[in-house]
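The numbers here are math on the coordinates, done by the rules we state, and not lab data. Computed from a predicted model, the values in this text were never measured in an experiment. Quick reminder, even Gly has a Cβ in these numbers, built from the backbone with ideal geometry, and neighbours come from all protein chains shown.
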Amino acid sequence: MKLKHRVCVVTGGGSGIGRAICNKFAEEGARISILDMDEKGGNEVMKELRDGGAEALFFKTDVTKSEQCKSAIDGTADKFGTIDVLVNNAGLQHVAPIVDFPEEKWNLLMNVMLSGAFYCTKYALPYMLSKKSGRIINMSSIHGLIGIEYKSAYVTAKHGLIGLTKVTAIETAKSGITANAICPTFVRTPLVEKQINDQAKSHGIPREEVMEKVIFGEAPMKRLVEPEEVAELALYLAGEQARNISGAALPIDETWTAR
């Protein structure tokens, strides 16, 4: 029970990587607070965790709204007593060339993945600082480390999230708190499935060719990462054994960034 009684907040916890993290953390004894816009998915995960014997809450939360982030963070602390781990995982994608990229989509992606992470970090940190202990895990991407065409907003937000991670780590270095970013390559999630279809449309090529040329690219390991594999790294970073790792951007990228 590596996270026994730890209070863990996971944004975007209603599906994909977030759902896998919620399940993995609960298996290790954590009390889980799920923040998601998807009421159906969030409630399903909460029920799933409770049926498995875990303590779990769900807050329908639009992370682009600072007041909703504060309400969910404070509501979690009111119920469970504190905040030990924050996983900023909420995200979305839009694929288009810069000249055609809708400005409202740019603003939405930046607000969800960057501003949302800032808001949740801002409101969770006082609970961690008060007890000189805490873990912040930001879900970046290999596209927080490298660029790719047609994803200007996503790449920019994920790069920015690594910057936020570094600043958070430096500011909390003497407080028993760590902040790290996980940078996965393409993970088998509903978001990636939609992205494959969008890329096929943008490039004007079949889905199979997107998988071969865009998704797998030059990486010799031709497979999608499973959400549970990302959850395992998140679990490690959330535990005591990772107390000396902070400010890092850790890839799960099948050698994408090794070239």
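If you look at just the Cα atoms of the range 189-259, how large are its Rg and its Dmax in Å?
Cα only, the range 189-259: 15.4, 48 Å (Rg, Dmax).
Relative contact order, percent, of the range 134-193 when contacts are C-alpha pairs under 8 Å separated by at least 6 residues?
Details: 74 pairs, mean separation 28.1, N = 60.
Reported relative contact order: 47 percent.
Any chance you could get the radius of gyration and Dmax over the Cα atoms of the range 39-158, in Å?
Reported Rg and Dmax, both Å: 16.3, 50.
Rounded to the nearest 0.05, what FRET efficiency do Glu39 and Glu228 give with R0 = 25 Å and r taken as the Cβ-Cβ distance? Could you check?
Working from the Cβ atoms, E equals 0.55.
Mind scanning Lys122/Lys158; Lys70/Lys174; Lys40/Lys70; Lys24/Lys158 and naming the pairs with a C-alpha gap bigger than 20 Å?
Pairs exceeding the cut-off: Lys70/Lys174; Lys40/Lys70; Lys24/Lys158.
To test your reading of the geometry: what angle, between 0 and 90 degrees and rounded to tens, separates the Cα axis of helix 152-171 from the longest principal axis of the chain?
30
Please state the relative contact order of the range 1-60 as a whole percent: Cα pairs under 8 Å, 6+ residues apart?
Numbers: 119 pairs, mean separation 21.1, N = 60.
For the range 1-60, the relative contact order is 35 percent.
Positive end of the dipole of the chain, charges at C-beta (+1 Lys, Arg; -1 Asp, Glu), about the Cα centre: which of Ala90, Met46, Thr172 has its Cα farthest in that direction?
Final value for the positive-end residue is Thr172.
Treating only the Cα positions of the chain as identical point scatterers, give the base-10 log of I(q)/I(0) from the Debye formula at each q in 0.14 Å⁻¹.
Log10 of I(q)/I(0), two decimals: -0.90.
Could you state the per residue volume, in Å³, of the convex hull enclosing the Cα atoms of the range 102-208?
Convex hull volume per residue, Cα atoms: 104 Å³.
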